[in-house]
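Notes follow once the structure below has been shown.
Bear in mind these aren't lab numbers, they're just calculated from the coordinates by the rules spelled out. As the structure is a prediction and not an experimental result, all values here were calculated from the model. With ideal geometry, Cβ positions are generated from the backbone for all residues, glycine too; neighbour counts draw on all protein chains shown.
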Amino acid sequence: MEMNFGRWEMQPWDEISRSDLDAWAQDPLGFCPPGGESVQQLRQRVLAFLQDKREAPALLLVTHGGVMKVLVGLAHDEAPAVWQARRFDYGGLIQLSLDQTLLDSEFGD
């Protein structure tokens, strides 16, 4: 499931208040659109999914760009500013290998 943009969902950018957009720009990881979730919450949700699937030998995921950004960022141990700036082609295919020790460190195992 892609990031929940709450009341921003399906709204044109010019319908979102300038102050809300500025607040989002000031805190891209922590800002939560009204009724939605923050990028940090999305990241935690993806990590929880991976934790739940940690015994699977392989996964095939069909997902949205926000989730892919988190996954690629984890796979490459990237800073948030790097993975948030990534762009993916529509319908693209990406193969990743996630280091279990990196995931364990995210969960404090």
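Tally Lys/Arg at +1 and Asp/Glu at -1 over every other residue whose Cβ is under 13 Å from the Cβ of His76; what's the total?
That sum, taken over residues with Cβ under 13 Å, equals -1.
Relative contact order for segment 6-107 using alpha-carbon pairs under 8 Å, separation at least 6, rounded to a whole percent?
20
Tell me the GluC sites (Glu not before Pro) within segment 1-103 that lie in a loop according to DSSP and have at most 10 other beta-carbon atoms within 10 Å.
Filter output for segment 1-103: Glu55.
Quote to one decimal, in nm, the extra length available between Gln51 and Ser19 on full extension: 0.36 nm per residue of separation minus the C-alpha distance between them.
Working: separation 32, 0.36 × 32 = 11.52 nm, distance 3.62 nm.
Stretched out fully, the Gln51 to Ser19 stretch lengthens by 7.9 nm.
Read through the labelled values (1) 13.4, 36; (2) 14.1, 46; (3) 15.0, 46 and report the label of the one computed as Rg and Dmax of the Cα atoms in Å from the structure.
(3)
Pick out, from Val46, Ile94, Gly30, the residue whose Cα sits farthest towards the positive end of the charge dipole of segment 6-107, with +1 on the Cβ of Lys and Arg and -1 on the Cβ of Asp and Glu.
So the residue we want is Ile94.
Separation of segment 6-31 and segment 47-67 by C-alpha centroid, Å?
Each part's Cα centre sits 27 Å from the other's.
Nothing charged except the Cβ atoms of Lys and Arg (+1) and of Asp and Glu (-1): what's the magnitude of the dipole of segment 6-107 about its Cα centre? Round to the nearest 20 debye.
160
Quick check on the chain: helices-only [θ] at 222 nm, where DSSP H runs of length 4 and up contribute -39,500 (n - 2.57) each and the sum goes over total residues. Nearest 500, please.
Helices in the chain give a 222 nm mean residue ellipticity of -12500 deg cm²/dmol.
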